[in-house]
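Novice: Structure in structure tokens, see below.
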Amino acid sequence: MLGEYRIEGRRASEIAASVERGVGAGALEPGRLLPPMRELALTLGVNPNTVAAAYRTLRERGVIETDGRRGSRVRPRPATTARGSIRVEAPPGVRDVSKGNPDPALLPPLGAALAEAARREAERPGLYGEAPVDEEFARLARAALDADGVPDGPVAVASGSLDAIERVLAVHLRAGDAVAVEDPGWGSLLDLVPALGLRPVPVAVDDEGPLPEAMERALRDGARAVIITDRAQNPTGAAVGAARADALRRVLADHPDVLLVEDDHGHGIVDLPLHPLAGVTRHWAFVRSAAKAYGPDLRIAALTGDSETVDRFLGRQQLGPGWVSRLLQRAVAQLWATGAVDAAVVARSYGQRRDGLVRALRRRGVEAYGRSGMNVWVPVSDETGAVTRLLGAGWAVAPGARFRLDTGPAVRLTVSGLTVADVEALADAVAGAAGPAPARSYG
């Protein structure tokens, strides 16, 4: 079962460490089945409860996953090997369309907003013991959420979307719980879920977001939480439309105890209307990041949700960083108040490049997706080959393995660094590298 590798140890911590060493050294490959607890206990001469404790530690660290009677396996991509490491470094002379960054030319200048925040800080310095959320930030965030139909709820602030989602999951779920995630989906999130000791359950998506039947299947199979991207889904560009939102609400209404987390990181760069799902379940959280529209280094995301969820979030946050810099909150509030970003203009700029690339690829017989945001998803028959051939043609792209669980091979292209003139050249390179269209695409 384990080949040549021998698990050792007498205490739970020693057994867990032995497995982790095997995984780190590559002796225990992803997907490798571990011995049943009683069998390993007999081999090591220890109590089965000791092995059970070791396996529990490994699950909580995201090293292994357990599927009932099927046993425990080294998880397909251990948390110690982040998906972000699955990348292609662009050598000199190669255009990099892999990183997923916004176009710096579309980000607003921060000087005036930071200066105003500093001026206010000089008048009244932020000290310990103050409210974690700046009043003006909360007021403007809540007004924007109200305008988009997000249910009423208190406002909290996190250091970006992933920080918000991590804390919400942590205060509601326990190790071993299943979480329904989009497939393909955000690579950092697909790493985070098992790193928290949770089990990701893939939910197929199409241009309109998660498929209702796939969501229903995941919830019927025991998923305790659902994470949905409303717009500009990474990597496919999917956006939840009105009809799809209605269908997903009907599915969620049959599972009122599930935790719903919505990620609206596309706010400010997308001109498609928001169709929030929040409020259908008892516990919910809605996260809106400023990263894509105002700058990734601001590390600000507004969070709202039901009162219990937000209260738990704030309580846990207080035991860690305490709060997100109110200085930065005031700067973002200033950017909002002055209309520093025109979402329609930004969306149009990304849309010209994204839609142009999708059309150019389809003219060449290449299947491509990108309904909103800054990314285009291209299914391929041979992912490694396509990435290698594109690199040889002068383009570094993101391997689809960073973003998928059960979905077939693909590559992700970020359009934010392209000019309209680049589109045809990139489409030619992708058409030459993609190979025959795969039998199964995403969704």
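The values are calculated or read from the model by the stated rules, or taken from the named source; none is laboratory data. The structure presented is a predicted model; accordingly, all values stated were derived computationally and were not measured. Here the Cβ is made from the backbone with ideal geometry for all residues, glycine too, and neighbour counts use every protein chain on show.
Novice: If you check ALA112, ALA144, ALA105, which single one turns out to be out of contact with any Ser or Thr (no Cβ under 9 Å at 6 or more places or on another chain), outside any loop (DSSP other than H, G, I, E, B) and either farther than 25 Å from SER325 by Cβ or modelled with pLDDT of 95 or more (or both)? Break it down into steps so the answer makes sense when it comes.
Specialist: Numbers: ALA112 fails: out of contact with any Ser or Thr (no Cβ under 9 Å at 6 or more places or on another chain); ALA105 fails: out of contact with any Ser or Thr (no Cβ under 9 Å at 6 or more places or on another chain).
Unique residue meeting the criteria: ALA144.
Novice: Hey, another quick one. Given the residues THR229, THR236, THR338, which is the only one that is closer than 16 Å to PHE137 by Cβ and at pLDDT 95 or above? Don't jump to the end; show me each part of the working.
Specialist: On the way: THR229 fails: closer than 16 Å to PHE137 by Cβ; THR236 fails: closer than 16 Å to PHE137 by Cβ.
Only one candidate qualifies: THR338.
Novice: The conditions are (1) touching a residue at least 24 places away in the same chain (Cβ under 8 Å); (2) assigned to a loop (DSSP other than H, G, I, E, B); (3) outside the structural domain of GLU20 (by TED's automatic domain parsing), and PRO125 fails exactly one of them. Which is it?
Specialist: Checking PRO125 against (1) touching a residue at least 24 places away in the same chain (Cβ under 8 Å); (2) assigned to a loop (DSSP other than H, G, I, E, B); (3) outside the structural domain of GLU20 (by TED's automatic domain parsing), the one that fails is (1).
Novice: For SER289, state whether it is in contact with a Gly (Cβ under 8 Å, 6 or more places away or on another chain), surrounded by fewer than 19 Cβ atoms within 10 Å (Cβ to Cβ) and among the small types (Gly, Ala, Ser).
Specialist: Values: in contact with a Gly (Cβ under 8 Å, 6 or more places away or on another chain): yes; surrounded by fewer than 19 Cβ atoms within 10 Å (Cβ to Cβ): no; among the small types (Gly, Ala, Ser): yes.
No; evaluated as a whole, the condition is false for this residue.
Novice: Tell me which of these LEU361 doesn't satisfy, since it passes every other one: (1) within 23 Å of HIS265 (Cβ to Cβ); (2) of a type in the set (A, V, I, L, M); (3) touching a helix residue (DSSP H, G or I) at 6+ places or on another chain (Cβ under 8 Å).
Specialist: Going through the list (1) within 23 Å of HIS265 (Cβ to Cβ); (2) of a type in the set (A, V, I, L, M); (3) touching a helix residue (DSSP H, G or I) at 6+ places or on another chain (Cβ under 8 Å), LEU361 breaks only (1).
Novice: Give the residues of the range 319-335 that are modelled with pLDDT of 95 or more, farther than 13 Å from TYR294 by Cβ and among the small types (Gly, Ala, Ser), sorted by residue number.
Specialist: Residues satisfying the conditions are GLY322, SER325.
Novice: Starting from residues that are of a type in the set (A, V, I, L, M, F, W, C) and more than 28 Å from ARG348 (Cα to Cα), keep the ones in the range 418-443 and report whichever is modelled with the lowest pLDDT. Write out each step before concluding.
Specialist: The initial filter retains those residues of the range 418-443 that are of a type in the set (A, V, I, L, M, F, W, C), namely 418, 420-421, 423, 425-427, 429-431, 433-434, 437, 439.
Then drop every residue that is not more than 28 Å from ARG348 (Cα to Cα), which leaves 433, 437, 439.
Numbers: ALA433: 93, ALA437: 59, ALA439: 54.
My answer is ALA439.
Novice: If you check ARG412, ARG348, which single one turns out to be of a type in the set (D, E, K, R), modelled with pLDDT of 95 or more and surrounded by fewer than 23 Cβ atoms within 10 Å (Cβ to Cβ)?
Specialist: Numbers: ARG412 fails: surrounded by fewer than 23 Cβ atoms within 10 Å (Cβ to Cβ).
ARG348 is the lone residue from the list that is of a type in the set (D, E, K, R), modelled with pLDDT of 95 or more and surrounded by fewer than 23 Cβ atoms within 10 Å (Cβ to Cβ).
Novice: Filter the range 139-155 down to the residues that are aliphatic (A, V, I, L, M) and over 23 Å from LEU259 (Cβ atoms), then identify the one that is surrounded by the most Cβ atoms within 10 Å (Cβ to Cβ). Quick ask: steps written out before the conclusion?
Specialist: Residues of the range 139-155 aliphatic (A, V, I, L, M): 140-141, 143-145, 147, 150, 155.
When the remaining residues are screened for being over 23 Å from LEU259 (Cβ atoms), the result is 140, 143-144, 147.
Details: LEU140: 19, ALA143: 11, ALA144: 15, ALA147: 9.
Going through the qualifying residues, I end up with LEU140.
Novice: Given (1) surrounded by fewer than 16 Cβ atoms within 10 Å (Cβ to Cβ); (2) more than 25 Å from the chain's Cα centre (by Cα); (3) at pLDDT 95 or above, where does ARG124 come up short, assuming only one miss?
Specialist: Exception for ARG124: condition (3).
Novice: Quick check on my filter: what residues within the range 33-51 are within 19 Å of ASP67 (Cβ to Cβ) and either in a loop (DSSP other than H, G, I, E, B) or not assigned by TED's automatic domain parsing to the domain that holds GLY68 (or both)?
Specialist: LEU34, PRO35, PRO36
Novice: Still on this structure, please answer the following. Looking only at the range 389-409, count how many residues are surrounded by fewer than 18 Cβ atoms within 10 Å (Cβ to Cβ), in contact with an Asp or Glu (Cβ under 9 Å, 6 or more places away or on another chain) and either over 20 Å from PRO184 (Cα atoms) or aromatic (Phe, Trp, Tyr) (or both).
Specialist: 1
Novice: Here is a follow-up. Take ARG362 and tell me if it is in contact (Cβ under 8 Å) with a residue 60 or more places away in the chain and within 21 Å of PRO409 (Cα to Cα). Can you show your working first?
Specialist: On the way: in contact (Cβ under 8 Å) with a residue 60 or more places away in the chain: no; within 21 Å of PRO409 (Cα to Cα): yes.
The answer is no for ARG362.
Novice: Report yes if some residue within the range 153-161 is within 14 Å of the chain's Cα centre (by Cα) and part of a helix (DSSP H, G or I); otherwise report no.
Specialist: yes
Novice: So ALA158 passes all but one of these: (1) small (Gly, Ala, Ser); (2) without any contact (Cβ under 8 Å) to a residue 24 or more places away in the chain; (3) crowded, with 16+ Cβ neighbours inside 10 Å. Which condition number does it fail?
Specialist: Of everything listed in (1) small (Gly, Ala, Ser); (2) without any contact (Cβ under 8 Å) to a residue 24 or more places away in the chain; (3) crowded, with 16+ Cβ neighbours inside 10 Å, ALA158 misses just condition (2).
Novice: Only residues in the range 275-301 that are outside the structural domain of PRO154 (by TED's automatic domain parsing) count as the first member; pair them with residues that are of a type in the set (Phe, Trp, Tyr) and modelled with pLDDT under 95, Cβ under 9 angstrom, at least 6 apart or cross-chain, and list the lot.
Specialist: none
Novice: Among the residues of the range 332-371, what is the count of those that are under 20 Å from ASN234 (Cα atoms) and among the basic types (Lys, Arg)?
Specialist: Going through the range 332-371 one residue at a time, the tally reaches 5.
Novice: Checking the structure you have, find out if any residue of the range 98-117 is surrounded by fewer than 18 Cβ atoms within 10 Å (Cβ to Cβ) and among the hydroxyl-bearing types (Ser, Thr, Tyr).
Specialist: no
Novice: Tell me, yes or no, whether the range 322-330 has at least one residue that is in contact with a Pro (Cβ under 9 Å, 6 or more places away or on another chain), of a type in the set (Gly, Ala, Ser) and over 21 Å from ALA113 (Cβ atoms).
Specialist: yes
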